[in-house]
1. Filter the stretch 2-23 for residues that are over 17 Å from the mean Cα position of the chain (by Cα) and either surrounded by 24 or more Cβ atoms within 10 Å (Cβ to Cβ) or basic (Lys, Arg) (or both) and give the result.
2. Inspect all residues belonging to the stretch 235-251 and state whether any of them is part of a helix (DSSP H, G or I), farther than 25 Å from ASP37 by Cβ and modelled with pLDDT under 90.
3. Just the residues that are surrounded by fewer than 18 Cβ atoms within 10 Å (Cβ to Cβ) and either of a type in the set (A, V, I, L, M, F, W, C) or in contact (Cβ under 8 Å) with a residue 60 or more places away in the chain (or both), please, taken from the stretch 212-223.
4. Suppose we keep only residues that are among the aromatic types (Phe, Trp, Tyr) and part of a loop (DSSP other than H, G, I, E, B) within the stretch 252-301. Which one would you say is modelled with the lowest pLDDT?
5. Being β-branched (Val, Ile, Thr), within 16 Å of MET149 (Cβ to Cβ) and either out of contact with any strand residue (DSSP E or B) (no Cβ under 6 Å at 6 or more places or on another chain) or assigned to a loop (DSSP other than H, G, I, E, B) (or both): is that true of VAL190 here?
6. If I filter the stretch 155-200 down to residues being at pLDDT below 95 and hydroxyl-bearing (Ser, Thr, Tyr), which single residue comes out as surrounded by the fewest Cβ atoms within 10 Å (Cβ to Cβ)?
7. Would you mind stating whether ALA213 is part of a loop (DSSP other than H, G, I, E, B) and closer than 23 Å to MET116 by Cβ?
8. Here are the criteria: (1) farther than 14 Å from VAL245 by Cβ; (2) outside any strand (DSSP E or B). Tell me which single one ILE25 does not satisfy.
Amino acid sequence: MKHFKGRTAVITGAASGFGLETSRIAAREGMNVVMADVQPDALDQAAAEIGATGAAVLPFRLDVSKAAEVEALAAATQQRFGAPHFVFNNAGVGGGGLIWENTLADWEWVLGVNLMGVVHGIRSFTPMMLKAAKRDPDYEGHIVNTASMAGLVNPPNMGVYNASKHAVVAISETLYQDLRLVTDQITASVLCPFFVTTGITRSERNRPAELAAAPPTKSQLISQAMTDRAVGSGRVTAPMVARFVFDALREQRFYIHSHPRALGSVQSRMEDLLEPRNPTDPFAAKPEVGAELRAALRAVD
């Protein structure tokens, strides 16, 4: 996709982080912007900011884990702007701790947002984009799904999150291949960011009451603290990642990485599979971090 002016972007998780920064770029490029988020106050503020630039904005409050709400988003988009050209299935939440300590509610919440939110976005928007492509030979469409580096490797003490993001990578790769079978006008990408400052470390604030968290375990508290520290020390910012997304749209590039230097861990995992050998120590490059985590988890309360 080389041209954006007058076209339509649909962005979930649009009130903060990658979603908000991508909305800002879309508006600067002259796109109509459909901004969807679970946080009504933050969404209203973000939509007002984007609207003040002169962009046509459709704010839409939804929970992406609910199929009917994403379907309603698609219907509202179709009614206001027609079929979108860029769909960014971006909304996500965090989750950590030793994998056997995650409750059923933890699994339902994280998979509901991170995985099923992407599934609902694909189901709701791809058919209308394919219809638009059949009607118009000049139509171009692109779907971007937000996964994570945790969808390419398996860092310890964050199993529920890893599982959700590996699934998004698999779905995105399949979507890319499936689209190539039926059209040359629509393609897909997967975004795999590493530690970037966004609102995801505070995602518990949007957790629904029916999936309320149990009191955090020691491993979950440790995971939260280490994630906060890693995110806080990162040099790659959300605006930078949003630019990477638009670069990928222009280049029709599938894999979008925020930290190319971190791909060494992906290579090690692939070599583990191919040799085969047991999984490589994820802290081989930073043994002091692994020693800190093991000591904290093994400490007697």
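1. Applying the first criterion (over 17 Å from the mean Cα position of the chain (by Cα)) to the stretch 2-23 yields 2-8.
LYS2, LYS5, ARG7 - these are the residues of the stretch 2-23 that are over 17 Å from the mean Cα position of the chain (by Cα) and either surrounded by 24 or more Cβ atoms within 10 Å (Cβ to Cβ) or basic (Lys, Arg) (or both).
2. Going through the stretch 235-251, the residues part of a helix (DSSP H, G or I) turn out to be 238-251.
From what's left, farther than 25 Å from ASP37 by Cβ: 250-251.
Subset that is modelled with pLDDT under 90: none.
The answer is no; no qualifying residue exists.
3. Listed by number, the residues that qualify are ALA212, ALA213, ALA214, PRO216, THR217, LYS218, LEU221.
4. First pass over the stretch 252-301, keeping only residues among the aromatic types (Phe, Trp, Tyr): 254-255, 283.
This time we only want the ones that are part of a loop (DSSP other than H, G, I, E, B), so: 254, 283.
Numbers: PHE254: 98, PHE283: 90.
If we take residues in the stretch 252-301 being among the aromatic types (Phe, Trp, Tyr) and part of a loop (DSSP other than H, G, I, E, B), then PHE283 is modelled with the lowest pLDDT.
5. Details: β-branched (Val, Ile, Thr): yes; within 16 Å of MET149 (Cβ to Cβ): yes; either out of contact with any strand residue (DSSP E or B) (no Cβ under 6 Å at 6 or more places or on another chain) or assigned to a loop (DSSP other than H, G, I, E, B) (or both): no.
It is false that VAL190 is β-branched (Val, Ile, Thr), within 16 Å of MET149 (Cβ to Cβ) and either out of contact with any strand residue (DSSP E or B) (no Cβ under 6 Å at 6 or more places or on another chain) or assigned to a loop (DSSP other than H, G, I, E, B) (or both).
6. My answer is THR197.
7. Working: part of a loop (DSSP other than H, G, I, E, B): yes; closer than 23 Å to MET116 by Cβ: yes.
Taking the combined requirement at face value, the residue satisfies it.
8. Exception for ILE25: condition (1).
The values are calculated or read from the model by the stated rules, or taken from the named source; none is laboratory data. No experiment lies behind these values; they were computed from the predicted model shown. Quick reminder, even Gly has a Cβ in these numbers, built from the backbone with ideal geometry, and neighbours come from all protein chains shown.
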